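Q: Structure in structure tokens, see below.
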Amino acid sequence: MNESSKITVDANEAVARIAHKTNEIIAIYPITPASPMGEHSDAWSAAGKRNIGEADSFLPLPDNYTSHLDKMLALVSSCKQSLDIPVIGNINGVTPSGWIECALDLQQAGCRCN
């Protein structure tokens, strides 16, 4: 980094700059409600400042990615086809819609839901 590109900012702006540059979606939880971190990120996005997309270089492409949930559902389906006993799944949701989605996925994979 050359001398002309160095700037002095407070910690809130420094964190917001890194979060904005390295993430497509930013969820910032400031320590104090008066923190301008979210406002900085919103302003940069509104101004069309692009992030560097650094994370894209080492994350799998969505089309080629198999999540842990996908693997677990495949295992449930395989167990259902191989066993003569009911397969009971574990629902892991964080939000009400997450619980429902997980239950539906498990049911579709072959778990008993009654």
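Q: Only residues that are at pLDDT 75 or above and not in a loop (DSSP other than H, G, I, E, B): list them for the range 39-63, please.
A: Glu39, His40, Ser41, Asp42, Ala43, Trp44, Ser45, Ala46
Q: Considering only the range 25-36, how many residues are in contact with a helix residue (DSSP H, G or I) (Cβ under 8 Å, 6 or more places away or on another chain) and modelled with pLDDT under 75?
A: Looking only at that region, the number is 4.
Q: Does Leu73 satisfy the criteria of being at pLDDT 75 or above and either under 30 Å from Ala16 (Cα atoms) or not in a loop (DSSP other than H, G, I, E, B) (or both)?
A: Yes, satisfied.
The values are calculated or read from the model by the stated rules, or taken from the named source; none is laboratory data. The structure presented is a predicted model; accordingly, all values stated were derived computationally and were not measured. Using ideal geometry, Cβ is built from the backbone for each residue, glycine included, and neighbour counts are taken over all protein chains shown.
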